[in-house]
Amino acid sequence: MAEASQAAACNRCQENPGTLDLRGAERVCPQCFCAYVANKTIKRMEQMQRETRTSGSKLPTRPQRYLLALSCGGTGASTALLNLLHNNLARQQAPQSAKGTKGGKGGGQRVRFEIVVAWVDCDLSRPPVASGDDAAAAAAAGAETEADAMWQRYKSRYPTFTFHRIPLSAALSLRTNSIDWSSLPPLNAALAPHEQLADLLYTRLATPSSRADVQRLLVRHLLLDVALREGCDVLLLGTSTTALAELTLAETAKGRGFSLPWQVNDGPFQLPSFASYVSSLPEQQEQEDQPSTSEEATTSTTTETTTANNKSLSIYHPLRELFRSELKTYITLTTPPLTDLLPSPTKSSAAGAAVVSHKDLSIDEVMSRYFAEVEANYPSVVANVVRTTGKLERPQGAAGNNITRQCGLCGIVLDEAGDERWRGELGEQAPEVEERRGRLCYGCDRSVNG
């Protein structure tokens, strides 16, 4: 009996029973499993701090400020990252256990970073949720949705963090002007901002893939905009190895494979800054119809964009070495469990749910279902996809101050030769969208114009 108990002991601590399978090589206890997830994440954070510090000293002269992108209702990866960083900060701020001892893992360390949390609310069925007393009054009146309730639970569980809730409609008024709205279908000025975006996504875009793709890019622009506004040094995305593998194949399938070094790898990202453009304003349309001022307007736009196009921000994925299944297990092992912060899974949202018709699935959803099976049976294949993509390099000198070299939607440097080659093989665009071809990369062009 004693021999059986000893054989079932954790392979790491040799004290507790090993109840969890760690990548098929070890049987570990819940405590060692959580430590494994934390160590993988903190090592990536330490590497990021070395790469992004601006001073010559070994340690930063001030705590770095990070914007953590939260996804309420997702797979829980960003929630796991939030909890991991919260625990790490708590250890840094804890007092030393004994006088004269080094800080180390026992506390008394120098606080190296601070966290700002942002969530982009993609619900376009109602106006943006008010803040302060108005939000409290809406909750008291029974108008609070499940997303509202989850948002309040996050704020209650992590009161030391600063939280920002940004409506998706805020993409229409980005301070960075990182979207060239003139390259997209014109918006309906008679509608409210959230209705304008709903009309664009659900009426102007024909397929689920196009809607999911454009919405994801709008969320990315909003997060970058908020990070710059809050004075953050890095944007942290809670993207696991599995999610990065899904993104790699999905972007390739959409015709945006050239953007993979910018979207999957860690490092700085240079934001374009296009001149403000509201296609539905009558006075702007009148100015565009005047031949005498057209050339002057073009010159002014180019000058404004060239001057402003000098902002960059680092984007990192601290969970890039952890599988989605490992993060799902970690969520259930914390004290208290993080599952209380996430919505209850439904049959329709389950990754393995039966598919009646693939025409209602986006490319991203297809890749998610595919890699759910691959991760369960061949996890090394998922990791190899991400490692291979990590070897891709970003072309040097391509992201200069020239507006024509960055896509008006995704902001990635244009692969002009590749775009033209793809278009030549698949056919030219319709005449009504011909004038927008030079502003969008091939992938965005397909998502917007079909």
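The values are calculated or read from the model by the stated rules, or taken from the named source; none is laboratory data. What you see is a predicted model, and the numbers here were worked out from it, not measured in a lab. Heads up, the Cβs are rebuilt from the backbone with ideal geometry, glycines too, and the neighbour counts pull from every protein chain shown. We work out accessible area using only protein heavy atoms, side chains counted, and drop any ligands, DNA or RNA first. Shrake-Rupley method; radii C 1.70, N 1.55, O 1.52, S 1.80 Å.
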Worksheet entry | Enumeration of residues in region 226-235 that are open to solvent by less than 20 Å² (accessible area, probe 1.4 Å) and touching a helix residue (DSSP H, G or I) at 6+ places or on another chain (Cβ under 7 Å) | Val234, Leu235
Worksheet item: Pro186 fails exactly one of the following numbered conditions: (1) assigned to a helix (DSSP H, G or I); (2) over 29 Å from Arg65 (Cβ atoms). What is the number of that condition?
Response: (1)
Item to complete: Under 6 Å between Cβ atoms, at least 6 apart or on separate chains: pull out the pairs that start in region 65-88 with a residue that is open to solvent by less than 20 Å² (accessible area, probe 1.4 Å) and end on any residue that is among the aromatic types (Phe, Trp, Tyr).
Response: Tyr66/Phe113; Leu70/Trp119; Ala80/Tyr330
Discussion item. Testing Asn39 on (1) over 25 Å from Met150 (Cβ atoms); (2) within 29 Å of the chain's Cα centre (by Cα); (3) at pLDDT below 85; (4) not β-branched (Val, Ile, Thr), one condition comes back false. Which one is that?
Written reply: (3)
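Please state which one of Thr248, Thr306 is modelled with pLDDT of 95 or more, in a helix (DSSP H, G or I), at negative phi and in contact with a helix residue (DSSP H, G or I) (Cβ under 8 Å, 6 or more places away or on another chain).
Details: Thr306 fails: modelled with pLDDT of 95 or more.
After applying the criteria, what remains is Thr248.
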Discussion item. Tally up the residues in region 358-390 that are within 24 Å of Ala212 (Cα to Cα), small (Gly, Ala, Ser) and open to solvent by less than 30 Å² (accessible area, probe 1.4 Å), please.
Written reply: 1
Worksheet item: With respect to the numbered conditions (1) farther than 15 Å from Thr242 by Cβ; (2) part of a helix (DSSP H, G or I); (3) modelled with pLDDT of 95 or more, which one is the sole condition not fulfilled by Thr339?
Response: (3)
Discussion item. Name the residue that is farthest from Glu230 (Cα to Cα), counting only residues in region 188-208 that are touching a residue at least 60 places away in the same chain (Cβ under 8 Å) and crowded, with 20+ Cβ neighbours inside 10 Å.
Written reply: Leu205
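Is it true that Arg175 is within 30 Å of Glu114 (Cβ to Cβ) and surrounded by 15 or more Cβ atoms within 10 Å (Cβ to Cβ)?
Details: within 30 Å of Glu114 (Cβ to Cβ): yes; surrounded by 15 or more Cβ atoms within 10 Å (Cβ to Cβ): no.
Criteria not met by Arg175.
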Worksheet entry | Among (1) in contact (Cβ under 8 Å) with a residue 24 or more places away in the chain; (2) closer than 13 Å to Asp123 by Cβ; (3) buried (at least 17 other Cβ atoms within 10 Å of the Cβ) - the single one Glu146 does not satisfy | (3)
Practice prompt. Answer with yes or no whether Ser169 is assigned to a helix (DSSP H, G or I), surrounded by 12 or more Cβ atoms within 10 Å (Cβ to Cβ) and either modelled with pLDDT of 90 or more or of a type in the set (S, T, N, Q) (or both).
Written response: yes
